[in-house]
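Heads up, the thing below is written out as structure tokens.
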Amino acid sequence: MKIRKLTSEEIDFSISMSEFAFQLELTEEQRSIRKEMIDPEDTWVIEENELIISKVTVLPFKTYIQGQEFKMGAVSGVVTWPEHRRGGLVKTLLKKSLEEMKKKGQTISYLFPFSIPFYRKYGWELFTDRKKVTVKKDQFPDFQRGLGSIRRVKPEVHLLNSIYHRFALNFNGMLVRDKNWWEKRLFPNMKGQCAVYFDQQGEAQGYIAYDVKQRKMIVYELTYLTTEAWKSLWHFISNHDSMVETVEYSTSAHDPALFLLITH
């Protein structure tokens, strides 16, 4: 058994392992984009008889905590072929990854666990939650649009990130997004439309990325810097009432905006 880094020649095989483990079926375009983003140095593998039997990827990111940026190691792509499971391979790779994160100054690590107890054994713990909200058409708030304007725009990194960055500083654990993250990870998954709210001075104060299909609006992101922007974006959502029966989006379970929606 040998522990080493992934090689560039093994990227396709690594992607195939993830497809199998996470029950994905990538298109050729998705696979091509993913290959461009993968740095083999981010992935530890265990090799046996010249075959990769287990792997762990740690992506180098930054996160906001108390308004400051911290280096963060994002654990992903944890895969072991079923015939080699329960042999301590993942434990070995996680230990190796944590040692490397420490050397790189990545004092924080995030992951989305398939099992909370499994990763809790190795030091990870829940620090946030997420609530999926469904708002029916007859529950749309009767907010008036602010004094500014809403413009439909093409996804553009500088514009959207200027809003997101200021929004994210108000929370602990938000990801610091770079150009690559927007263009390679987010925009390909933001199918549909994007609209931005500008105040009276022409300053961008909020945006919504969403899609409408089969009389349902899926909101990928609803980001705002002021109450006026939030109400104006909901006014914009309400104007789709002839097209949709429900609006679905994800937010923090403690989002105070939910209280305003319920009580308005």
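The residue of the range 124-168 that is surrounded by the fewest Cβ atoms within 10 Å (Cβ to Cβ), among those that are part of a loop (DSSP other than H, G, I, E, B) and in contact with a strand residue (DSSP E or B) (Cβ under 8 Å, 6 or more places away or on another chain), is Lys154. For Leu261, indicate whether it is part of a helix (DSSP H, G or I), more than 15 Å from the chain's Cα centre (by Cα) and among the aliphatic types (A, V, I, L, M). Criteria met by Leu261.
The residues in the range 92-106 that are more than 21 Å from Ile46 (Cα to Cα), more than 20 Å from the chain's Cα centre (by Cα) and of a type outside the set (Lys, Arg) can be counted, and the count is 1.
Using the structure shown, decide if Tyr207 is closer than 24 Å to Thr128 by Cβ and surrounded by 17 or more Cβ atoms within 10 Å (Cβ to Cβ). When the stated conditions are applied, Tyr207 passes them.
Looking across the range 232-264, just one residue is buried (at least 20 other Cβ atoms within 10 Å of the Cβ) and in contact with a Pro (Cβ under 8 Å, 6 or more places away or on another chain), and that is Trp234. Applying a threshold of 7 Å to beta carbon distances and a minimum spacing of six or more residues, or different chains, the list of pairs starting in the range 100-121 at a residue that is more than 12 Å from Phe70 (Cα to Cα) and ending at one that is surrounded by fewer than 13 Cβ atoms within 10 Å (Cβ to Cβ) reads Ile116/Leu126.
When the range 1-45 is filtered for residues that are part of a helix (DSSP H, G or I) and either at positive phi or charged (D, E, K, R) (or both), the ones remaining, listed by number, are Glu9, Glu10, Asp12, Glu19, Glu28, Glu29, Arg31, Arg34, Lys35, Glu36, Glu41, Asp42.
Note on the range 84-99: residues that are assigned to a helix (DSSP H, G or I) and either free of Cβ contacts under 8 Å to residues at least 24 places away in the same chain or among the basic types (Lys, Arg) (or both) amount to 4. Remark: Phe171 falls outside the filter, which requires a residue to be in contact with a His (Cβ under 6 Å, 6 or more places away or on another chain), surrounded by 12 or more Cβ atoms within 10 Å (Cβ to Cβ) and modelled with pLDDT under 95.
The values are calculated or read from the model by the stated rules, or taken from the named source; none is laboratory data. Computed from a predicted model, the values in this text were never measured in an experiment. Neighbour counts are summed over all protein chains in view; Cβ atoms, including those assigned to glycine, are modelled from backbone coordinates with ideal geometry.
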